[in-house]
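Shown next, in structure tokens, is the structure this report addresses.
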Amino acid sequence: MRRLLLAPVGMTAFALMGCASKPTPPPAVEVRVEKEYVPVAQPCVDKADIPTVPAKIGGNLNGDAVHDTGVLGPALADMRAVAIKAVALLKGCAR
């Protein structure tokens, strides 16, 4: 019987202990204006100098290693030539 009487008293005491604590201050709000400079593309080469992308070769592959090597070899050489020219153009634009 005594437990039944003490239980509501204990719960009330715990509930009131929350009221005795200090209230937390509201969060501080700091307003700042920051400028961020974003690089914008500027033309530095002629469109005629930009290399064209070689044709896609996916349809020419059949899974045979010997055949696919014959297709991939020249395509790799073409892509390398395009990449070398593109890097040369980009280096000319870089500061």
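FYI, it's all coordinate maths here, none of it is from the lab. In this text the structure is predicted, and so the values were computed from the model without any measurement. Note: ideal-geometry Cβ built from the backbone for every residue, glycine included; neighbour counts use all protein chains shown.
Percent of alpha carbon pairs in the range 43-95 separated by more than 18 Å?
46 percent
Within 10 Å, count the other beta carbons around each residue, average over each peptide in 50-60, 30-40, 77-87, and list them highest first.
Result, highest mean Cβ count within 10 Å first: 77-87, 50-60, 30-40.
For A83 paired with V9, estimate the spin-label separation in nm (one decimal), with each label point 7 Å from Cα along the Cα-to-Cβ line.
The two pseudo-label positions are separated by 8.3 nm.
Run the simple label-point estimate for V33 and I50 please: 7 Å along Cα→C-beta, distance reported in nm.
3.6 nm
Name the aspartates and glutamates eligible as straight-distance cross-link partners of K85: C-alpha to C-alpha under 18 Å, and not fewer than 8 places from it in the same chain.
Of all the aspartates and glutamates, those that pass the test against K85 - Cα under 18 Å, at least 8 places apart if same chain - are D46, D49.
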